[in-house]
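Have a look at the structure below before the remarks.
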Amino acid sequence: MTTTSGRTNTPATQYKVVGTRPIRHDGADKVTGRARYGLDFNVVGLLHGKILRSPHVHARIKSIDTSAAEKLPGVKAVVTARDFPANPKGQPIDFAEAGADVRVLAENIMAGRVVLYQGHAVAAVAATNEHIAEEALGLIKVEYEVLPALLDVRESMKPDAPLIHEKLTTFFTKDRQGRGENTGVKSNIATHLQFKRGDLATGFKEAHVVVEREFTTSMVHQGYIEPYVSTGQWGKDGRITVWTSTQNPFGIRASTAAILGVPESTVKVVSMEIGGGFGGKQPAYLDPVAAMLSKKSGRPVKIVMTRKEVFDSTGPASGSYLRCKIGATKDGRITAAELYLAYEAGAFPGSPIAGGAMSSFGPYKVENMMVEGYDVVVNKPKVQAYRAPGQPQTNFAVESVVDELAQKLGIDPLEFRIKNATDEGDLMPSGMVFPPMGLKQLEEAMKNHDHYKTPLTGPNRGRGIAVGYRFNGGGVSSATINVNDDGTVALVTGSVDIGGTRTSVAMQAAEVLGLRAEDVTPTVVDTDSIGWTGTTAGSRVTFDTGLAAITTAEEVKRLMIARAAKIWEVPPAEVAFKDGVFTSLKNPNDKLTFKQLAARLRATGGPVTASAINGSTGVGPIFAGNIIDVEVDPETGKVQILRCTAFMDAGKAVHPSYVEGQLQGGTAQGIGWALNEEYFLTKEGGMANSTFLDYRMPTALDLPLIDTVLIEVPNPRHPFGLRGVGEVPIVPPPAALANAIARATGARLTKLPMKPGTIWEAVEAHKAATKTKK
Amino acid sequence: MQAFEYVSAKSVGEAVGVLSQHGEGARLMAGGTDVLVQLRAGRRPQVKVLVDVKGIGELNELSYNDRQGLIIGAAVPCYRIYEDPTVIKRYPGIVDSASIIGSVQIQGRASLGGNICNATPSADGIPPLIALGAVCIIAGPNNSRRELPLEQLFAGPGRTTLQNGEMLISVRVPPPPANSGAQYLRFTPRNEMDIAVAGVGAAITLNAAKNTFVSGRVVLAAVAPIPLLVPAAGQALAGKPVNDETIGKAAEAAVAAAVPITDMRGTIEYRKHLVGVLTRRALQGAIQRAKGV
C-alpha cells in the first residue's frame, strides 16, 4: 500500500522496474517548452480558419449567403455543408441505415439543413490572419427559422414531444454492446437498454426497509486546458495531412477520410502533444473542416477553438435523470435493486447509458435487479466520453440510496457495503461474471484506515463514503522496438501520451528486457509510421499498449537470444537470459550483457527490430473508494472539504506516482462535478456560462490535499497484474460528498451540482420539514 | 479581435485630450484586465483608441497623511495597495477587497481605479471604499478638476457619471476616525477567480466606550444595478448599542434595500438571504477591528 503523504514505495517485489518511480521521458520537453502542441505547429503559407456557429439551439437553415465574406480582402476560402460529400442533398439522417454514423459525424461538424444546438457549425472561413477570418464570419448571412427546443430528457421522452430527427426510431437491447432490435417507434429515444435478473417484486417484498429517490445531474464538460486545434493540408497530389490535438489519431484518420469521401490511406494524422482530453478529445470536429478549407484555398489551414467554442460545440458529459430504489433486510442484506436512467445524448444519439448501467450496482450482490437506461436526444451539443463515461451519474444515485439505507437500518455505511460486496464469480449488472478483483480488499483498507478510524467531531460536519466500480474494456495497440548499438532501445507506439503512458509503457518493455526505464526511449508517431492503434481512452493504454510493448520486447528477447546462439554456435534453446545477461547453458563462461550483445548486432547479421500487437482480452474490473469529511456553512450552503482520502485497487501500480496522480486528478474532477460545475442555460437554452470564470471548475484553493491509498490485487489478464487506473477515480466523489453533506446537515441532496445555493435551499427545506414533523 | 489605436499617455492633459477628441471611441486602460477581455469578446465595439494611463505619475500615487487621508492613484495595482504597511494598518477593509479581486496574477496588474470605472455592480473594490467615505478626484478638459463622493459615480451596470473628456485621477479616503473599523466580505462558490454572488462592505465608528455605534455605512455588491449604499442600514446603527439586535436591524435594512436579479450566479431569494448573512458578518468583523481585537 502506498500513500501520498507517506510516499512509501510498494513493498519489494519480483520486479526491477515496474513499481518504481523514474523521471518521465517527456519531462524535460514539457518543462522547457520544447514539447510541441497543436498550437505550436506552423508552416509557410499557413492560413487561419474560423467557424461560424449557430446562435440558436434549434432552427432550420433557410439560406446561407457567403458572397460578402468571400469578397473580403484576405479571405481565401469559405465552406459550408454543401462542400462535404457525406450528404450533398441535405437529406435527413436515417439512423437505421448503414452509413448513418458517417452522416452524424458530418452533420455534427457542419450543419446541413438544421442546426440542433447553440454552437452548431454552419460555415467556415480561411483567411490570411485570424482577425480577417473573424471579420469575414460577420459578413456571412444565415437566415434561420427558429424551431421549438427540447432541453430536458423527460420532456424529450414524452410521446407527444416534437421529433428532433424525423427518422430516429428506438432500438431495444439487453446487451451492453449490441445495438439491439429496431422497435420501429419514432421517438427522441435512440436506445432503451435493459439489464434484468431475478424478480423485483419478490425481492422488495422481502425487504425490511426500501429507499427510493429521484436524482438529476447537469451537463458538465471535461474542461481540458488546451482547446481543440488542428491544421489541415490537402496536397495537390491528393494526400491529406492533419496535425491535431487528439486522443485518437487513427479514429481521426477514419472519420476525416469518411467525411471528406476519400480513402483512409490518403490521410495522415500527426498527433501533437496533447493538453488534456479526459475522453473528450476523440472526435474530429476541426480536422475535416481545416482539410476542406485547405483544398479550396490550396494552402494549409489552422483552426483553433476559443473556450466558448469548446464549451458550446464539443462533446460534454450527459446531464441525466435517475431513479433508484433499493431494499434490504433488517440485518442489512440487499434484496432488490432497481435503477432507471435517462441520459442526454445531445443532438445525436450516443450517450453512455451502457457504461452507467454496467457500473450501477457493480459493488453489490443483488439477486433481484433491474437497470433500465434511455439514450435521449435533446438540443444540446452531442455528448462525448468523459472519464468513466456515464458512471459518476449512476454512482451518485446508487451510492446515495445505499448510504440512506444503511443510515435507516442503523448500520455503519462501510460495514453495509462490505456485507453486500461482490467478489470473483459474482454477476455484474450486465450479467457477466466478475474475474478476480479487489473490492473487498479496498473496502477493508478503507475501514482500517486512520481516516475512517478517527472520529469526526464539531457542528455542521459530516463524513461521507462511496465506492465506485468501472468495467474497463480494451482495444488493439501496436508497438515497435528497435535495438540501438549502445544497448538502449527505441520504443515506438501510436498511443497519444495523456497520462504519462510513454513512461509506464516503456517501463514494461524495460522490465522484460532487463533494462532500466531510462534505457528505453519511447516515441509516439503518426498514423503512417505504426500499426493501427486504438484510442487513448478507456483506461487502456498502460494496459493494452503495455501488453503490445511486452509482446514486442519478448520478440526482441527471442531475436537477441538467437543472435547470441549464433555467436556461440549453440541452439537458441541453450541460451538463457536473466537480469539483462545472456548466458550459454553449454558454456556458462560465455556471457554477454544486453549492451555487449547490442554492440555486436550489426556485425553479426544486422540490427534487431520487432513489431507486435497486444491481443487484448479486455482490461477488466476496477474499484475506487472515497472517504470525505466536510463542513457546511448552514447560512450560505458552502462546503469546505476538511479531509479527503481516495482508495483504488490498481492491480499493480507500474509507476506509483502517476497512479496516485490519476487518483488525485480524477477525484478533483469528481469534486468539481459534485459541487459547482454545470451547463447553466439561458432562457433560449444555450449555455450561459461558457467561460472558465463562470463554469466553476475547482481551483487549487478549492481542493483539499487528496490523500491516496493504492491497493494491489493483481489482474490475471496482465503479466504484471495491472488494471486501468485512469477513469474510476472520478466515479465516487459526487456520492461521497452528497453523503457527507447529508450527514453534516440532515438534508439529502439529489441534484448535481450541489452548489451553495442548492444546499442552502435543501437545508432550509429540511429544517422546515423537521419542524412540521415535530 | 477588433483593431484599435494604442496611446501611452504621459500626462493627464494628454489623456484628457484623447478622451475629448474620441468620446465613446476612446477608453482608458490601466491593468487592462477588464477592457482587454471585453475587446477580445467584442463587447466594446465602439472603442477605437485605448489610452494607457500607467505612465502618468499622478495616477501611480499611493500615499497617506493624517490631514487628507489615503490617496490611491487610479492606476495603482491591487498588490501595491494590499502590501502597503499604512493601508494594512489603517484600512484593512480595503485590503479585504484588493486581495480577492481575480487571482494573484491579476492583482499584479488590476487597479482599483479600473475596478471603479468598469463599474460592474459586482465589483469587489468599490463597497469598502464607499463605506469608508471615499471621494473621487476627477480631471476634465481645460485642466479642470472636481471631486465627487464615490457613491455618486455610478449610473448603471458598466456606466459611470463621468462626462465626455473626464477621467478618474485618484480616490481619497478620509483618515479613519478613532474607534472605527471596516470589513468587506463577499460570497463566491469558489475561493479564488470568482465573481461575487453578493458582497457587503461595512464601516462603523464606535463611541469611546466601544459599546455604542456612533455611525455606520453599509454598501452592497452584486445585488443592484450599481454598488449600493444603504443609508437605512447606517441609520439603524447610529446611536444604538453594539449588540446582535442592532446588527440584525441593520442587516434587515440591507436585505430590504437589495434588488438583485436571478442569473447563473444566484437567485433573487438566495442573494437577498446572503446580503443579510454577509451584513451581519461584515459588521461583526468591523466591530472587532474597531475594538482592536
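Mark the label point 7 Å from the Cα of A:ARG154 along Cα→Cβ and return the residues of region A:213-229 whose backbone N is within less than 14 Å of it. Under 14 Å, as judged by backbone N against the label point of A:ARG154, lie A:213-218 of region A:213-229. Cα centroid distance between region A:177-227 and region B:202-265, in Å? So the two Cα centres are separated by 51 Å. When the GluC sites (Glu not before Pro) in region A:562-645 are filtered for DSSP coil states and for at most 12 other beta-carbon atoms within 10 Å of their beta-carbon, the remaining sites are A:GLU569.
A Förster distance of 25 Å, applied to the separation of the beta-carbon atoms of A:ASN448 and A:LYS30, puts the FRET efficiency at 0.10. For the protein assembly as shown, the convex hull drawn through the C-alpha positions has a volume of 199 cubic angstrom per residue.
Each of A:VAL581, A:VAL310 has some number of other Cβ atoms within 10 Å of its Cβ, and from fewest to most they run A:VAL581, A:VAL310.
Bridgeable lysines around A:LYS295 (alpha carbons under 25 Å apart, same-chain partners fewer than 8 residues away excluded): A:LYS50, A:LYS71, A:LYS76, A:LYS89, A:LYS141, A:LYS236, A:LYS268, A:LYS281.
Here the Karplus curve 6.51 cos²θ - 1.76 cosθ + 1.60, taken at θ = phi - 60°, turns the phi angles of region A:158-171 into couplings of 4, x, 9, 5, x, 8, 6, 10, 5, 10, 8, 10, 7, 9 Hz, with x standing for Gly and Pro. Evaluating 6.51 cos²θ - 1.76 cosθ + 1.60 at θ = phi - 60° for every residue in region A:463-478, the Karplus couplings come out as 10, x, 10, 7, 10, x, 10, 9, 9, 8, x, x, x, 8, 9, 10 Hz, glycine and proline recorded as x.
With a simple spin-label model that places each label point 7 Å from the Cα along the Cα-to-Cβ direction, the separation between B:LYS249 and A:ARG82 comes to 7.4 nm. Fully extending the segment from B:GLN105 to B:GLN235, taken as 0.36 nm per residue of separation minus the present Cα-Cα distance, adds 42.9 nm.
The alpha carbon gyration tensor of chain B gives principal lengths a ≥ b ≥ c with a/c of 1.5 or higher and a/b greater than b/c, which makes the shape prolate. Evaluated with a Cβ-only charge set (Lys, Arg +1; Asp, Glu -1), chain B carries a dipole of roughly 300 debye about its Cα centre, given to the nearest 20.
Once the piece of chain linking B:ARG145 and B:ASN207 is laid out straight, how much longer is it, given 0.36 nm per residue of separation minus the C-alpha distance between them?
Once the chain is fully extended between B:ARG145 and B:ASN207, it gains 18.7 nm.
Placing pseudo-labels 7 Å out from each Cα toward the beta carbon at B:GLN38 and A:ASP412 gives an inter-label distance of 5.9 nm. Calculated over region A:150-434, the projected area of the Cα convex hull averaged across directions stands at 17.3 nm². Plainly put, region A:638-774 has a radius of gyration that is 1.08 times its Kirkwood radius, both from alpha-carbon atoms, as the Rg/Rh ratio. Per residue, the convex hull around the alpha carbon atoms of region A:438-517 comes to 186 Å³. With contacts taken as Cα pairs under 8 Å and at least 6 residues apart, chain A reaches a relative contact order of 15 percent. Charge tally for A:HIS192 (other residues, Cβ to Cβ under 11 Å; Lys, Arg +1; Asp, Glu -1): -2. Treating each Cα of region A:152-292 as an identical point scatterer and summing with the Debye formula, the log10 of I(q)/I(0) at q = 0.20 Å⁻¹ comes to -1.12. Database remark: amide H of A:GLY721 closer than 5 angstrom to the amide H of A:ASN715 (H placed geometrically; neighbours at sequence offset of 5 or more, or on other chains; Pro and chain starts carry no H). Between the residues A:THR617, A:PRO227, A:ASN587, the greatest Cα displacement towards the positive end of the dipole of chain A, with unit charges on the Cβ of Lys, Arg, Asp and Glu, is found for A:ASN587.
Return the subset of A:LYS167/A:LYS302; A:LYS158/A:LYS751; A:LYS578/A:LYS652; A:LYS196/A:LYS751; A:LYS767/B:LYS210; A:LYS62/A:LYS751 for which the Cα-Cα distance in this structure is over 28 Å, preserving the input order. Cα-Cα > 28 Å for A:LYS167/A:LYS302; A:LYS767/B:LYS210; A:LYS62/A:LYS751; rest within. Positive end of the charge dipole of the protein assembly as shown (Lys, Arg +1 and Asp, Glu -1 on Cβ, about the Cα centre): tell me which of B:TYR6, A:PRO756, A:ASN448 has its Cα farthest that way. Toward the positive end, the furthest listed residue is B:TYR6.
Using R₀ = 56 Å, calculate the FRET efficiency as 1/(1 + (r/R₀)^6) where r is the Cβ-Cβ separation of A:LEU39 and A:ALA576; round to 0.05.
Taking R0 as 56 Å, the efficiency between A:LEU39 and A:ALA576 is 0.65.
Using just its DSSP H runs of length 4 or more, each adding -39500 (n - 2.57), the protein assembly as shown gives a mean residue ellipticity at 222 nm of -8500 deg cm²/dmol after division by all residues.
Taking K and R as +1 and D and E as -1, what net charge do the other residues with C-beta under 13 Å from the C-beta of B:ALA26 add up to? Intermediate results must be reported in sequence, preceding the final value.
Numbers: positive: B:ARG27, B:ARG44, B:LYS48; negative: B:GLU5, B:GLU14, B:GLU24, B:ASP52, B:GLU166.
Local charge sum for B:ALA26: -2.
Here's how it looks for A:ASP649: its modeled amide H is under 5 Å from those of A:PHE623, A:ILE711, which are all 5 or more places away or on a different chain. Electrostatic tally near A:LEU439: other residues with Cβ closer than 10 Å to its Cβ, Lys and Arg +1, Asp and Glu -1, net -4.
Remark: region A:137-150, residue by residue, has Karplus-estimated 3J(HN,Hα) of 4, x, 9, 7, 9, 10, 9, 10, 10, 5, 10, x, 10, 10 Hz, where x stands for each Gly or Pro and the curve is 6.51 cos²θ - 1.76 cosθ + 1.60 at θ = phi - 60°.
Pairs of Cα atoms nearer than 8 Å and 6+ residues apart set the relative contact order; for chain B it is 16 percent. Take every DSSP beta bridge whose two residues both sit in the protein assembly as shown; close to 75 percent of them are antiparallel. Of the residues A:GLY473, A:THR527, A:GLY546, the one whose Cα sits farthest towards the positive end of the charge dipole of region A:438-546 is A:GLY473 (charges of +1 on Lys and Arg Cβ, -1 on Asp and Glu Cβ, taken about the Cα centre).
Computed about its Cα centre, the charge dipole of region B:24-145 is approximately 300 debye, with only Lys, Arg, Asp and Glu carrying charge at their Cβ. Rounded to the nearest 20, the size of the Cβ-charge dipole of region A:150-434 about its Cα centre is 1120 debye, with Lys and Arg at +1 and Asp and Glu at -1. Once backbone amide H atoms are built at 1.01 Å from N, B:LEU62 has B:GLY73 as its partners under 5 Å, excluding neighbours fewer than 5 places away on the same chain.
No value in this document is a laboratory result; all are computed from the given coordinates. Not measured: the values here are computed from a predicted model. Because the Cβ atoms are built from the backbone with ideal geometry, glycine has one as well, and the counts that use them run over all protein chains shown.
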